[in-house]
Amino acid sequence: MARQEQQHLQVLSALDAAKTQWYHFTAIVVAGMGFFTDAYDLFCISLVTKLLGRIYYTDLAKENPGSLPPNVAAAVNGVAFCGTLAGQLFFGWLGDKLGRKSVYGMTLLMMVICSIASGLSFSNTPTSVMATLCFFRFWLGFGIGGDYPLSATIMSEYANKKTRGAFIAAVFAMQGFGILAGGIVTLIISSAFRAGFPAPAYQDDRAGSTVRQADYVWRIILMLGAAPALLTYYWRMKMPETARYTALVAKNAKQAAADMSKVLQVEIQEEQDKLEEMVTRNSSSFGLFSRQFARRHGLHLVGTATTWFLLDIAFYSQNLFQKDIFTSINWIPKAKTMSAMEEVFRIARAQTLIALCGTVPGYWFTVFLIDVVGRFAIQLLGFFMMTVFMLGLAVPYHHWTTKGNHIGFVVMYAFTFFFANFGPNSTTFIVPAEIFPARLRSTCHGISAAAGKAGAIVGSFGFLYAAQDPHKPDAGYKPGIGVRNSLFVLAGCNLLGFICTFLVPESKGKSLEEMSGEAEDDDDEMAGGGGAAVRPQTA
């Protein structure tokens, strides 16, 4: 350990030991507003899909208002995830090649442009409108994807080792406020349009239940996602490149020391000779597909990718389709008993309540406790409790769907979200930014995040079909296994996530170089048997 400390660059030691300062909070806000925008853009579509069905697919000859055909609903809900997955892989790799800062602005501009373009999806036919919307939401997702590895990596490389987990968690916690903001914005806009353009229920007046002005509602909601990203663009461009990238990847100790001297407001020696000596001594220039990486970090990457994949199957299938679950337990009335604006209002109210009671608190429990309890324990607890509450919903499902028990269902449902966010939904984002070498950190985080989005695609596409009633499926759908059996499947995913957590190391209180093995030289590695830098948990 003493030898590692001696060969540690002063600029990196200064960052590890720095007291919490104003620049930490600035970095949290600048990176966090990107995540606020990400969450708003990804989840607001679920608030308006019922409205899109009414506007573009209503057949007045039918008893019930229109809904999106299965293939269109799957595309509208899932296409942004496909873009996000691609963006996570591409921008994660690019962040290690060009630097975190230079790529950071690209992702934000793409999000702003595509948010606005999504709301401007005009055409003459419903199919053309949906196709245009899906095109822009794919590229919106592509930009959002880049924000995952870059925000996490930048925050981890700026933070001190004592409170690094809390800082990264605080960035990710802005996702909760983004989900909440989406619900609140939708409540405000739908309320304004309900008051300004009153309409009867569909069963009373089929044509009049969806007013012409309703077409503006979903467009305004989607376009407002550009606002927070646009506001933070200037501050993103002012942030200096992280010292760890500049020193360890770009090999420019002088620039790293100069940048961090301004940020930390202390004098830091540049130590270029020491850096060159470290590079000569430590041949840790192995690539992602090398045997050395597989030996040191292979199990770590498997662990971070599989746990994120399994978590997101459960998390996104619930979050995107909770409006369908609320309808199935009669918490939201039948569509034909409401006007279009009333349906939007009720869906937004239900999702806002879940966000307020279950989603947002869970994130901030993680912020306050992660550097006390540790990542490993929080992730295990989260997966375990999610399994318990999913089974608590599924086993007595018929009890929850009977009249008078709906509030109990909502409380149980909120607890599953609480333990997702005070658990693996936060830790799977944090750990990949801490345990891999600087030159591969963004790439490995992008791979882990992409595995998560693959899980989100499975959850969001699969749940559309799987949750269908086996006897009375919705129009256009084949019979599925039902909501109850789907909850059993999700509980199984959470249990697998619990098991895979044992592949992921604990990084609490350790420097990034200690976790990644960059503080070791070749002699240290040979003495240790050439194993992983930090081994997975076994207890």
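The values are calculated or read from the model by the stated rules, or taken from the named source; none is laboratory data. Here the structure is a predicted model, which is why all the values come from computation and not from measurement. So basically every Cβ, Gly included, is an ideal-geometry build from the backbone, and we count neighbours across all protein chains shown. Surface areas here come from the heavy atoms of the whole protein model, side chains and all, with no ligands, DNA or RNA. Shrake-Rupley method; radii C 1.70, N 1.55, O 1.52, S 1.80 Å.
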* Scan segment 29-67 residue by residue and report those that are hydrophobic (A, V, I, L, M, F, W, C) and without any contact (Cβ under 8 Å) to a residue 60 or more places away in the chain. => 61
* What single numbered condition from (1) within 24 Å of the chain's Cα centre (by Cα); (2) among the small types (Gly, Ala, Ser); (3) at pLDDT below 80 fails to hold for residue 507? -> (3)
* Asked: Which is touching a residue at least 60 places away in the same chain (Cβ under 8 Å), over 23 Å from residue 351 (Cα atoms) and in contact with a Leu (Cβ under 9 Å, 6 or more places away or on another chain), of 214, 256?
  -> 256
* Which members of segment 465-506 meet the condition of being aromatic (Phe, Trp, Tyr) and closer than 26 Å to residue 420 by Cβ? -> 465, 488, 498, 502
* Structure fact -> Scanning segment 243-257 residue by residue, those among the aliphatic types (A, V, I, L, M) and surrounded by fewer than 17 Cβ atoms within 10 Å (Cβ to Cβ) turn out to be 250
* Asked: Inside segment 445-470, can you point out the residues that are of a type outside the set (A, V, I, L, M), open to solvent by 20 Å² or more (accessible area, probe 1.4 Å) and either in contact with a Lys or Arg (Cβ under 6 Å, 6 or more places away or on another chain) or modelled with pLDDT of 80 or more (or both)?
  -> 470
* **Scan of segment 471-481 for residues that are surrounded by fewer than 19 Cβ atoms within 10 Å (Cβ to Cβ), at pLDDT 75 or above and either within 28 Å of residue 309 (Cβ to Cβ) or among the charged types (D, E, K, R) (or both), ordered by number** => 472, 473, 478, 479, 481
* When you look at residue 349, is it under 30 Å from residue 16 (Cα atoms), touching a helix residue (DSSP H, G or I) at 6+ places or on another chain (Cβ under 7 Å) and not small (Gly, Ala, Ser), yes or no? -> no
* Between residues in segment 446-468 that are closer than 16 Å to residue 496 by Cβ and residues that are outside any helix (DSSP H, G or I), which pairs lie under 7 Å by C-beta distance while being six or more apart or on different chains? -> none
* To do: Inspect all residues belonging to segment 305-325 and state whether any of them is farther than 30 Å from residue 518 by Cα, more than 21 Å from the chain's Cα centre (by Cα), assigned to a helix (DSSP H, G or I) and at pLDDT below 80.
  => yes
* **Given (1) farther than 20 Å from residue 483 by Cβ; (2) in contact (Cβ under 8 Å) with a residue 12 or more places away in the chain, index of the condition residue 394 fails** => (1)
* To do: Would you mind listing the helices (runs of 4 or more DSSP H) fully within segment 413-525 where at least 2 residues are of a type in the set (Val, Ile, Thr)?
  => 424-430, 441-466, 482-500
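Residue-wise test of (1) out of contact with any Cys (no Cβ under 9 Å at 6 or more places or on another chain); (2) part of a helix (DSSP H, G or I); (3) farther than 26 Å from residue 177 by Cα.
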{"position": "360", "(1), (2), (3)": "yes, yes, no"}
{"position": "364", "(1), (2), (3)": "yes, yes, no"}
{"position": "367", "(1), (2), (3)": "yes, yes, no"}
{"position": "370", "(1), (2), (3)": "yes, yes, no"}
{"position": "378", "(1), (2), (3)": "yes, yes, no"}
{"position": "391", "(1), (2), (3)": "yes, yes, yes"}
{"position": "398", "(1), (2), (3)": "yes, yes, yes"}
{"position": "402", "(1), (2), (3)": "yes, no, yes"}
* To do: Quick one: which helices (runs of 4 or more DSSP H) lie wholly within segment 205-264 and hold at least 3 residues that are at pLDDT 85 or above?
  => 214-223, 226-238
* Across segment 361-419, what is the number of residues that are out of contact with any Asp or Glu (no Cβ under 9 Å at 6 or more places or on another chain), open to solvent by 10 Å² or more (accessible area, probe 1.4 Å) and of a type in the set (Gly, Ala, Ser)? -> 4
* Asked: In this structure, is residue 334 more than 19 Å from the chain's Cα centre (by Cα) and either at pLDDT 80 or above or open to solvent by less than 30 Å² (accessible area, probe 1.4 Å) (or both)?
  -> yes
* To do: Return the pairs, sorted by first residue and then second, in which the second residue is outside any helix (DSSP H, G or I) and surrounded by 17 or more Cβ atoms within 10 Å (Cβ to Cβ), the first residue lies in segment 290-311 and is of a type in the set (Lys, Arg), the beta carbons are less than 6 Å apart, and the residues are 6+ apart or on different chains.
  => 296/517; 296/532; 296/533
* Go through (1) touching a Phe, Trp or Tyr at 6+ places or on another chain (Cβ under 9 Å); (2) within 30 Å of residue 164 (Cα to Cα); (3) of a type in the set (Ser, Thr, Tyr) one by one and return the number of the condition residue 37 breaks. => (1)
